[in-house]
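The values are calculated or read from the model by the stated rules, or taken from the named source; none is laboratory data. Computed from a predicted model, the values in this text were never measured in an experiment. Note that we place each Cβ from the backbone using ideal geometry, even for glycine, and neighbour counts take in every protein chain shown. For the accessible areas, the whole protein counts, side chains as well, though only heavy atoms, and no ligand, DNA or RNA atoms are used. Shrake-Rupley method; radii C 1.70, N 1.55, O 1.52, S 1.80 Å.
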Amino acid sequence: MRSIAVFLCTCALCMQTLPAGAAVPDAKKAQVILERLVLLYEATGIKAYDAPDEAVLDTVALQVFPHDSSPAAAIVAQRSTHPELFAKAAANEDVALHKDAAAHIARYFLGRKAKLASIQDDYIYGTMRVAPRWCHARFDGMDTVEKNQVLLHGSLLCEETAEFGYMRNGTVEAHIAPLDHAPLGWAVERFRVNVDAQ
């Protein structure tokens, strides 16, 4: 009960900083957005960007697709079961994904689809990467900023221990803006993961 009361109090405080009538995500969507950004950081090492340009969206799609935490992991084709797709792949590449499906990976994380204009073939190829998840996000609050954007504040929680659970290891912040075609109704305009000094 105490944690629920603290959460409601925190939400009440963060809502006080928002002007009346401002478009804001609910706390569940804010949590999901931050959690996806932490997953993106773990899967790719990308800690920040300042604009969702085509290069960023393409990089996200191309780096995440062979990771076992990819939202497209269930439809990635394996060389062992679909060898006919790998005629143009390098010898060490063991997974393939249709270019259109790969483009939607960026949409899952950032709200906008990648164009992958530099990819001429129907499929992209890579080497499967399997890694455990070490970090998660915790939504801590939000503020409105310029151009109808909302700034989400969160904690980076890593290193689970039996005694303390997940411990805070940094912060994650994201500027988001409403976007009709984004999966959660919001696109990430910029974000930053800050890892505490050890």
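A residue that is among the basic types (K, R), farther than 29 Å from A177 by Cα and in a loop (DSSP other than H, G, I, E, B) cannot be found anywhere in the stretch 44-55. Checked against the criterion of being surrounded by fewer than 20 Cβ atoms within 10 Å (Cβ to Cβ) and either touching a helix residue (DSSP H, G or I) at 6+ places or on another chain (Cβ under 8 Å) or modelled with pLDDT under 95 (or both), the candidates R112, R168 yield just one match: R168.
Checking each residue in the stretch 80-109 for being surrounded by fewer than 15 Cβ atoms within 10 Å (Cβ to Cβ) and hydrophobic (A, V, I, L, M, F, W, C) picks out A87, A90, A91.
Out of curiosity, is I124 of a type in the set (V, I, T), within 23 Å of T171 (Cβ to Cβ) and not in a helix (DSSP H, G or I)? Spelling it out, it is not the case that I124 is of a type in the set (V, I, T), within 23 Å of T171 (Cβ to Cβ) and not in a helix (DSSP H, G or I).
Here the condition is being touching a helix residue (DSSP H, G or I) at 6+ places or on another chain (Cβ under 9 Å) and either over 13 Å from R190 (Cα atoms) or at pLDDT below 95 (or both); of D53, D58, D26, it holds for D58 alone. Scanning for something at pLDDT below 90, open to solvent by 50 Å² or more (accessible area, probe 1.4 Å) and part of a strand (DSSP E or B), does the stretch 137-160 turn up at least one residue? Within the stretch 137-160, one or more residues are at pLDDT below 90, open to solvent by 50 Å² or more (accessible area, probe 1.4 Å) and part of a strand (DSSP E or B).
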